[in-house]
Amino acid sequence: MPKELIVVHGPCTISGTIHVSGAKNSALKLMAASILGQGTTTIHNIPNISDISVMSDVLTRLGARISREGHTFAIDTTEVNSFETPYELVSKMRASISVLGPLIARFGCARAAMPGGCQIGARKIDMHLVGLEALGVQFDVDHGILIASTPAGLIGAHVMLEFPSVGATENMLMAAVVAEGETVIDNAAREPEIVDLCNMLNQMGAKVSGGGTSSITIEGVPLDSLHPCEHTTVGDRIEAGTFLTGGALTGGPLQVTGVDPDYLKMAIMKLRAFGCMVETDSSSITVSRTGDLQPTDIQTLPHPGFPTDLQAQFMLLAALADGVSVITENLFENRFMFAAELMRMGADITLEEHHAIIRGVSHLQGAPVSATDLRAGAALVLAGAVADGTTWVHDIEHIDRGYEDYVGKLSCLGVDLERIIEA
Ligand code: UD1
């Protein structure tokens, strides 16, 4: 496929109403979980993004049959007969590793290439392995392939995660649903996408309680008592937060629909600290602003703390605020690559290890920039929308991984932008 870039002609106002897609980080894991129930599981509200295509390919290679109508996927896992996820797919997307738990649950063994994904840090999987080992899984590595086996079966255990890792919590959950006896995951991740997964697992016949708290209890059930189900993916809080940032940048009003405001409590608190007005109802959030953007300090933390996936977008707000803000990134060590690109557009940022000191400027200037990862890419397009002149955002395949029709949606909100093929 020819490489494309996004060209944005600023400055624009970003306002109106936009409906967010289903959450990428939920949908990927819900698709993996479908392996657990033999038959056809139907999942609604799956976003049309390239990471989902990779997960579809992973499941198809395992033997699943997927038919798709709009945002609804019917995944027939009856003939899943392979437990090996090949390198060429796993290397494209770290989240491919989330089939590990379901495969071990279904076959007692699995083979998976070590994962790739965004270049935003070391992103190890040691906690996935420690958690699964506690359930009786043995691991070997052979030429980059992780080989999992369960010589004595899966046995429930009490496990304290060293850090509330989203992926490790999910992999443990999806294996523990069929482990003998009770499993307790302490210091579990509390993200809304974990709750979504717990809900779907329970619909499939699993016995999971405590999803959304830091202690999840799983009462193991026999594999053959798990069955397919019908489930709707929750709205994407990160996509919602990204568009809200756009509204906050130019004053809005901007409304996002299709997302529970409870998922974004900390981001909403920070928008208010930046000087925005934010109103919510059960499934929508509206942001507007009349005064200057106020400087605001932020530190990223596991949910319900401020999400690392909104760090770049909020750094853009800080870059245009009236004063100095400090952003501390606690999750991914390489996630300040965005700052270097934003500085090319005139932002004044100093990086000190995992702190960014941002001195607000009054204007940004359009420039050629590069999407260093998914969220940075989305934020650079927003930066282009408020900058003076034209911005060319390269490497937009990162944006396509997680944002459905980003250009089309921003265009509906008044941004003057287009995708073009790179010369
Ligand atoms: C998920 C999200 C990602 C989000 C992140 C944190 C998906 C597909 N991706 O990623 O968008 O930014 O949660 O909210 O859902 N770590 C280890 N060892 C492990 C596991 C993690 O050291 O075994 C470290 C990671 O390198 C990282 C931190 O823990 O520094 C957080 O990782 P984790 O919560 O596992 O994130 P992901 O599940 O990879």
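For residues that are in a strand (DSSP E or B) and surrounded by fewer than 23 Cβ atoms within 10 Å (Cβ to Cβ), tally how many sit in segment 316-357.
Just the residues of segment 316-357 that are in a strand (DSSP E or B), to begin with: 324-328, 348-352, 355-357.
Within this subset, residues satisfying the condition of being surrounded by fewer than 23 Cβ atoms within 10 Å (Cβ to Cβ) are 324, 326, 328, 348-352, 355, 357.
So the answer is 10.
Look through ASP348, ASP322, ASP309, ASP292 and report the one residue that is closer than 25 Å to VAL8 by Cα, at pLDDT 95 or above and within 15 Å of the ligand (Cβ to nearest atom).
Working: ASP348 fails: within 15 Å of the ligand (Cβ to nearest atom); ASP322 fails: within 15 Å of the ligand (Cβ to nearest atom); ASP292 fails: within 15 Å of the ligand (Cβ to nearest atom).
Exactly one residue qualifies, and that residue is ASP309.
Only residues that are within 24 Å of ARG237 (Cα to Cα) and either out of contact with any strand residue (DSSP E or B) (no Cβ under 9 Å at 6 or more places or on another chain) or surrounded by fewer than 23 Cβ atoms within 10 Å (Cβ to Cβ) (or both): list them for segment 175-188, please.
Our first condition is that a residue be within 24 Å of ARG237 (Cα to Cα); within segment 175-188, this holds for 187-188.
Of everything in segment 175-188, just one residue is within 24 Å of ARG237 (Cα to Cα) and either out of contact with any strand residue (DSSP E or B) (no Cβ under 9 Å at 6 or more places or on another chain) or surrounded by fewer than 23 Cβ atoms within 10 Å (Cβ to Cβ) (or both), namely ASN187.
Within segment 198-309, which strands (runs of 3 or more DSSP E) (wholly inside it) include 1 or more residues that are more than 22 Å from ILE185 (Cβ to Cβ) and over 17 Å from the mean Cα position of the chain (by Cα)? Steps first, please.
Working: elements: 207-209, 215-219, 230-232, 254-257, 277-281, 284-288.
Passing ranges, in order: 230-232, 254-257, 277-281, 284-288.
Applying the selection to segment 123-176, what residues are of a type in the set (Asp, Glu) and assigned to a strand (DSSP E or B)? Steps first, answer last, please.
Step one: list which residues in segment 123-176 are of a type in the set (Asp, Glu), which gives 126, 133, 140, 142, 162, 170.
Listed by number, the residues that qualify are ASP140, ASP142.
Show the residue pairs that are 6+ apart or on different chains and have beta-carbon atoms under 6 Å apart, the first residue being within segment 228-248 and within 28 Å of SER34 (Cβ to Cβ), the second being part of a strand (DSSP E or B) and modelled with pLDDT of 95 or more.
PRO228/THR40; PRO228/THR41; CYS229/THR41; GLU230/THR42; HIS231/ILE43; THR232/HIS44; THR233/GLY22; ALA240/VAL256
Check SER53, SER96 and return the single one that is at pLDDT 95 or above, within 15 Å of the ligand (Cβ to nearest atom) and either buried (at least 18 other Cβ atoms within 10 Å of the Cβ) or not in a strand (DSSP E or B) (or both). Give the derivation first.
Details: SER96 fails: at pLDDT 95 or above.
The unique qualifying residue is SER53.
For the subset of segment 251-275 comprising residues that are of a type in the set (Val, Ile, Thr) and buried (at least 16 other Cβ atoms within 10 Å of the Cβ), which member is nearest to ALA385 (Cα to Cα)?
Within segment 251-275, the match that is nearest to ALA385 (Cα to Cα) is VAL256.
Taking into account only those residues within segment 129-174 that are within 15 Å of the ligand (Cβ to nearest atom) and among the polar types (S, T, N, Q), which is surrounded by the fewest Cβ atoms within 10 Å (Cβ to Cβ)?
My answer is SER165.
Just need a number here: residues in segment 45-94 that are of a type in the set (Phe, Trp, Tyr) and more than 26 Å from VAL407 (Cα to Cα). First the steps, then the outcome.
Narrowing segment 45-94 to residues of a type in the set (Phe, Trp, Tyr): 73, 83, 87.
Checking which are more than 26 Å from VAL407 (Cα to Cα) leaves us with 83, 87.
Matching residues across segment 45-94 total 2.
Just checking, does segment 73-88 include any residue being among the aromatic types (Phe, Trp, Tyr), touching a strand residue (DSSP E or B) at 6+ places or on another chain (Cβ under 6 Å) and not in a helix (DSSP H, G or I)? Reasoning before the result, please.
Within segment 73-88, the subset among the aromatic types (Phe, Trp, Tyr) is 73, 83, 87.
Keeping just the survivors that are touching a strand residue (DSSP E or B) at 6+ places or on another chain (Cβ under 6 Å) gives 73, 83, 87.
Within this subset, residues satisfying the condition of being not in a helix (DSSP H, G or I) are 73, 83.
There is at least one residue in segment 73-88 that is among the aromatic types (Phe, Trp, Tyr), touching a strand residue (DSSP E or B) at 6+ places or on another chain (Cβ under 6 Å) and not in a helix (DSSP H, G or I).
Please work out which one of (1) at pLDDT 95 or above; (2) assigned to a loop (DSSP other than H, G, I, E, B) is the condition ILE420 fails and give its number.
(2)
Between a first residue in segment 22-40 that is touching a residue at least 24 places away in the same chain (Cβ under 8 Å) and more than 11 Å from the ligand (Cβ to nearest atom) and a second residue that is hydrophobic (A, V, I, L, M, F, W, C) and assigned to a helix (DSSP H, G or I), which pairs have beta carbons less than 6 Å apart while being 6 or more apart in sequence or on different chains?
LEU30/MET200; MET31/MET55; ALA33/MET174; ALA33/MET200; LEU36/ALA105
Return the residues of segment 65-93 that are at pLDDT 95 or above, within 24 Å of the chain's Cα centre (by Cα) and surrounded by fewer than 23 Cβ atoms within 10 Å (Cβ to Cβ); say none if nothing qualifies. Walk me through how you get there before you give the answer.
Quick first cut of segment 65-93, residues at pLDDT 95 or above only: 65-80.
From what is left, the residues that are within 24 Å of the chain's Cα centre (by Cα) are 66-75.
Answer for segment 65-93, where residues must be at pLDDT 95 or above, within 24 Å of the chain's Cα centre (by Cα) and surrounded by fewer than 23 Cβ atoms within 10 Å (Cβ to Cβ): ILE66, SER67, ARG68, GLU69, GLY70, HIS71, THR72, ALA74.
Is there any pair linking a residue in segment 307-334 that is over 16 Å from ALA240 (Cα atoms) to one that is polar (S, T, N, Q) and at pLDDT below 95, with Cβ under 9 Å and at least six apart or on different chains, and which?
Hits for this filter: ASN334/GLN119; ASN334/THR372.
Given the conditions (1) modelled with pLDDT of 90 or more; (2) within 26 Å of ARG190 (Cα to Cα), report the number of the one that LEU62 does not fulfil.
For LEU62, the failing item is (2).
The values are calculated or read from the model by the stated rules, or taken from the named source; none is laboratory data. Keep in mind the model is a prediction, meaning the values are calculated, not measured. Positions of Cβ are backbone-derived with ideal geometry, glycine not excepted, and every protein chain shown enters the neighbour counts.
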